[in-house]
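A short write-up of the structure that comes next.
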Amino acid sequence: MPQDPASILVDVVCRLAEPAARTWFLESMADPGDGSPQTRIGVALAGAGRRLGGKRHDLAAEDLAVLALSGLVGVESWPLERCARVALVARGIEDIAVAEHRAFVDELFRTGDNAEREALLGCLCALPGPERFQETAVEACRTNVVPVFEAVACENLYPERFFPESAFNQMVIKAIFLEVAVRRIEGIERRANAELARMATDYASERSAAGRVVPDDIDLVTGFATR
Amino acid sequence: MKMFDPHIHMTSRTTDDYAAMATAGISVVVEPAFWLGQPRTHVGSFEDYFLSLIGWERFRASQFGIHHLCTIAINPKEANNRFLADGVLELMPRYLEKDSVVGVGEIGLDDQTKKEEKYFIAQLELGLAHDLPVLIHTPHRDKKKGFE
């Protein structure tokens, strides 16, 4: 049984894809050595939805456990095309020079549609040297496309592990602002701090002053920080 | 009754329009890429526009329960700028693969120049290569001749 995350994802896609889609996937994964891996992977990332859309994976608990150990959480809810996209990135980055990794990930984010961005953000922890992709992940928090924001902020170990305090705090306040449940943020208790509590308290005060509803989550944020 | 609007430019419309459309029963739209009114001066402007069609606009529509699809292309008017047109043709193989891109368009003729014809044909070929339908724009002026 394969033990590395990329192999698990490649296997499940190959097993469940229709024959033509399987061929396309394997051709997209292969590096012919005569072109730009960045372009090949970027085009394949785009096309995965059309070819694999509507299918679900059937990964067993032990496979999900291996994926979780590598930083891939929430995989049980992934559609098959997201498994393919993550496999393409995780395997494809091996064909790219280390010095180009950061630009590669940033370009995939910049040119990705919402589903591609969600897949990319959800797999950053599992890529080699994940701390290098901090700028892309922090930039992703600036989106107002809620599912993309959720992909980086929720059920994702990356902010807890790699965001500096200022970026983590901004992400939590943005979650409250977008009405995304803060309990979904990994590490919300461990990373709580006085400045975050101050920001949340001030936000509650602004909402009250404007005659607007104050989200219940604010108590969780201030509570974690003052414990 | 559910309705499908096959040609609507939501980039030019407000969020209130989305609310009205949802109330009226529109559940799916196709937004073709077109000339925005203000001429573009960089290939990057087209790329950002395509990204807005597949990204922000798709999300904005979803907030009203509307499924947003689009077509992408270099439109006939701006096809007269060879620098821009060549740049957009280079972008299209990637963007035609995106989930919500359902065709090549709007393509066709505007002033009916040789350049417009050249990029019209090139994009018809892209449609064939990607197995996608094309959405044709016929000229506003001298339409009958252009159509022929």
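The values are calculated or read from the model by the stated rules, or taken from the named source; none is laboratory data. Keep in mind that this is a model prediction, so the values were computed, not measured. For neighbour counting, all protein chains shown are included, and Cβ atoms are generated from backbone atoms with ideal geometry for every residue, glycine included. Note: accessible area is taken over every heavy atom of the protein model, side chains too, but ligands, DNA and RNA are not part of it. Shrake-Rupley method; radii C 1.70, N 1.55, O 1.52, S 1.80 Å.
From the C-alpha coordinates alone, can you work out the Kirkwood hydrodynamic radius of the range A:1-107, in Å?
Working: mean 1/r = 0.0706 Å⁻¹.
This gives a value of 14.2 Å.
Test of understanding: in a Gaussian network model of chain B with alpha carbons linked when under 10 Å, which of B:Ala73, B:Ala129, B:Ala33 would top the mean-square fluctuation ranking? Among B:Ala73, B:Ala129, B:Ala33, the largest mean-square fluctuation in the Gaussian network model of chain B belongs to B:Ala129. Segment A:Gln3..A:Ser77, full-extension length gain: 24.6 nm, with 0.36 nm per residue of separation and the alpha-carbon distance subtracted. One Cα centroid belongs to the range A:170-227, the other to the range B:20-41; the line between them spans 37 Å.
Roughly how large is the B-A contact in terms of buried accessible area, totalled over both chains, probe 1.4 Å, nearest 100 Å²? In total, this chain pair buries about 1400 Å². Here the label points at A:Asp202 and B:Ile121, each 7 Å from Cα along the C-beta direction, are separated by 6.3 nm in the simple model.
Output the Kirkwood hydrodynamic radius of chain B, Cα pairs only, in Å rounded to one decimal. List each step's numbers first, then the result.
Working: mean 1/r = 0.0638 Å⁻¹.
Answer for chain B: a Kirkwood hydrodynamic radius of 15.7 Å.
GNM on chain A, alpha-carbon springs under 10 angstrom: the most fluctuating residue among A:Arg198, A:Arg85, A:Arg207 is A:Arg207.
Apply the membrane-span-like helix rule to chain B: whole DSSP H runs, Cα extent along the own long axis of at least 18 Å, mean Kyte-Doolittle hydropathy at least 0.0. List the helices found. Span-like helices here: B:82-95.
Over all pairs of different C-alpha atoms in the protein assembly as shown, the reciprocal of the mean inverse distance, the Kirkwood hydrodynamic radius, equals 22.6 Å. Using the Cβ-Cβ distance between A:Glu160 and A:Glu27 with R0 = 41 Å, the FRET efficiency computed as 1/(1 + (r/R0)^6) comes to roughly 0.65. Taking every protein chain into account, the accessible area of the range B:1-124 amounts to 44 square angstrom per residue (probe 1.4 Å).
Taking only the C-alpha atoms of the range B:85-148, the Rg (one decimal) and the largest Cα-Cα distance, Dmax (whole number), read 12.2, 36 Å. Simple spin-label estimate for A:Lys174 and B:Asp131 gives 3.8 nm between the two label positions (7 Å along the Cα-to-Cβ direction from each Cα).
Of B:Lys118/B:Lys144; B:Lys2/B:Lys98; B:Lys115/B:Lys144; A:Lys55/B:Lys2; B:Lys77/B:Lys98; B:Lys2/B:Lys145, which sit over 31 Å apart, Cα to Cα?
Values: B:Lys118/B:Lys144 20 Å; B:Lys2/B:Lys98 25 Å; B:Lys115/B:Lys144 19 Å; A:Lys55/B:Lys2 26 Å; B:Lys77/B:Lys98 24 Å; B:Lys2/B:Lys145 37 Å.
Listed pairs above 31 Å: B:Lys2/B:Lys145.
Bridging of B:Lys114 to aspartates and glutamates at a Cα separation below 16 Å is possible for B:Glu78, B:Asp86, B:Asp142, B:Glu148, once same-chain residues fewer than 8 apart are set aside.
Hey, got the average number of other protein chain Cβ atoms within 10 angstrom for residues in B:98-109?
On the way: counts 12, 11, 5, 3, 1, 0, 0, 0, 0, 0, 0, 0.
Rounded to a whole number, the mean comes out at 3.
What does the structure give for A:100-113 when I average, per residue, the other chain Cβ atoms found within 10 Å of the residue Cβ? Don't skip to the answer; put the middle values down first.
Values: counts 0, 0, 0, 0, 0, 0, 0, 0, 0, 0, 3, 8, 4, 12.
Mean shielding by partner chains, rounded to a whole number: 2.
Electrostatic tally near A:Ala140: other residues with Cβ closer than 14 Å to its Cβ, Lys and Arg +1, Asp and Glu -1, net -4. Rolling a 1.4 angstrom probe over the protein heavy atoms with all chains in place gives chain A an accessible area of 45 Å² per residue. Taking A:Asn144, A:Asn156, A:Asn114 in turn, the Gaussian network model of chain A (Cα-Cα springs below 10 Å) assigns the largest fluctuation to A:Asn144.
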